Amino acid sequence: MEKSIRVFAPATVANVTCGFDILGFAVSAPGDEVVVTLKKSPGITISEITGDGGRLSKDPSQNTVSVPILRYLEKIKSKQGFDIKLHKKMPLGSGLGSSSASSVAGVFAANILLGEPLKRIELLPFAMEGERVACGSAHADNVAPALLGGFVLVRSYRPLDVVKIPTPASLYATIIHPHIEVRTKDARSILRNDLSLHDAIVQWGNVAGLVCGLLMSDYGLIGRSMHDVVAEPYRSALIPGYYEVKQAALDAGALGAGISGSGPSVFALSNDEKKARVIAKKMSEEFNKLNIGNDVYVSQINSEGPVVL
Ligand code: HSE
């Protein structure tokens with residue numbers, strides 16, 4: 001019998017307001033599933049993709065699920081062949097780390113099928129190559145939490161240094177996905193390449209404050225730190241009703257709110273589940289007023305990352 005496994009990898013919220021390209025956390029749902037099978041002959045095939053509306057390429061050199069596996073096989077000098085079935089269970093271009101979930105699920109599954117020659121953390125550079133395929137930039141703030149679970153800080157890219165940050169047990173994320181699409185590539189191209197010293201001071205003060213707030217379970221500090229002067233001022237223009245949705249979340253008791261990754265999803269953090277659900281309802285009402293369909297997700301921080309189903 002052919003050896004095969006099914007793996008789930010979670011959606012992620014990147015940036016978390018002030019941490020552009022350096023902070024992200026994983027949620028319990030949604031996420032992607034892959035079924036990866038060892039083949040007798042070398043080479044990677046993608047035999048099935050569901051849930052993408054026919055938009056993703058089955059060419060293994062073009063898909064975020066397979067490129068990390070190709071790079072991984074080069075690294076471990078293996079000629080092993082794999083077949084991949086990819087089941088997209090979350091929207092593309094949503095700001096929920098859709099490409100990262102596929103990248104992580106694929107390489108995590110391949111490594112298990114080969115008897116785990118590499119540790120989980122060692123898979124990160126390969127998963128990042130999936131991001132390069134998806135948007136031209138190998139940032140790690142989605143793939144790192146998707147792979148490691150929890151709330152992750154990318155302390156440095158060169159050398160790669162990631163830190164999992166403990167979070168308060170009762171931290172809840174509310175995520176709303178409006179039915180519009182923002183391509184990460186476009187959302188990155190509208191950002192400025194320079195930053196004033198004034199804005200840099202504001203931003204790094206908030207990043208440090210957010211990390212301290214998480215470590216100390218200081219919800220007030222978490223909330224006070226959730227401000228972004230780097231991406232939000234530009235990207236908010238890509239999301240109709242963004243500031244109204246954010247304000248609705250804050251009025252309903254969110255600690256803070258912002259754009260999830262490169263958008264258009266918007267997320268809020270809160271300190272209890274009931275509040276997180278009220279926030280979801282209030283945010284949804286704002287998009288409804290604009291006749292923009294939306295889906296909401298409420299989840300604790302997912303500390304597990306990818307799992308074999
Ligand atoms: N940090 C990235 C960005 C996340 O904001 O462009 C999107 O994948």
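Got at least one residue in the range 129-141 being open to solvent by less than 20 Å² (accessible area, probe 1.4 Å) and over 20 Å from Ala187 (Cα atoms)? Looking through the range 129-141, none of the residues is open to solvent by less than 20 Å² (accessible area, probe 1.4 Å) and over 20 Å from Ala187 (Cα atoms).
Can you confirm whether Phe267 is open to solvent by less than 60 Å² (accessible area, probe 1.4 Å), not aliphatic (A, V, I, L, M) and not in a strand (DSSP E or B)? Walk me through it before giving the result.
On the way: open to solvent by less than 60 Å² (accessible area, probe 1.4 Å): yes; not aliphatic (A, V, I, L, M): yes; not in a strand (DSSP E or B): no.
Criteria not met by Phe267.
State whether one or more residues within the range 18-38 are over 30 Å from Asn294 (Cα atoms), touching a strand residue (DSSP E or B) at 6+ places or on another chain (Cβ under 9 Å) and outside any strand (DSSP E or B). No, the conditions are met nowhere in the range 18-38. Those helices (runs of 4 or more DSSP H) of the range 192-244 in which at least 2 residues are of a type in the set (S, T, N, Q), considering only elements entirely within it, cover 197-216. For the range 86-105, the tally of residues that are surrounded by fewer than 24 Cβ atoms within 10 Å (Cβ to Cβ) and either within 11 Å of the ligand (Cβ to nearest atom) or in a strand (DSSP E or B) (or both) stands at 2. Looking across the range 169-182, the residues that are in contact with an Asp or Glu (Cβ under 9 Å, 6 or more places away or on another chain) and surrounded by 17 or more Cβ atoms within 10 Å (Cβ to Cβ) come down to Tyr172, Ile175, Ile176, His177, Pro178. Within the range 161-181, being within 15 Å of the ligand (Cβ to nearest atom) and either closer than 21 Å to Leu269 by Cβ or not assigned by TED's automatic domain parsing to the domain that holds Ile259 (or both) holds for Val162, Ile175, His177. The set of residues in the range 272-296 being open to solvent by less than 40 Å² (accessible area, probe 1.4 Å) and part of a loop (DSSP other than H, G, I, E, B) consists of Ile292, Gly293. Candidates in the range 230-256 are the residues that are without any contact (Cβ under 8 Å) to a residue 60 or more places away in the chain and of a type in the set (A, V, I, L, M); of these, the one that is nearest to Asn206 (Cα to Cα) is Leu255. Just wondering, is there one or more residues in the range 252-263 that are open to solvent by less than 50 Å² (accessible area, probe 1.4 Å), assigned to a helix (DSSP H, G or I) and closer than 26 Å to His139 by Cβ? No, there is no match, as no residue in the range 252-263 is open to solvent by less than 50 Å² (accessible area, probe 1.4 Å), assigned to a helix (DSSP H, G or I) and closer than 26 Å to His139 by Cβ. Just one of the listed residues (Leu124, Leu147) is in contact (Cβ under 8 Å) with a residue 60 or more places away in the chain, within 16 Å of the ligand (Cβ to nearest atom), aliphatic (A, V, I, L, M) and within 17 Å of Ala26 (Cα to Cα), namely Leu147.
The values are calculated or read from the model by the stated rules, or taken from the named source; none is laboratory data. Computed from a prediction, not measured in an experiment: that's the story for all the values here. Counting neighbours? That spans all protein chains shown, and the Cβs are built from the backbone with ideal geometry, glycine included. Surface areas here come from the heavy atoms of the whole protein model, side chains and all, with no ligands, DNA or RNA. Shrake-Rupley method; radii C 1.70, N 1.55, O 1.52, S 1.80 Å.
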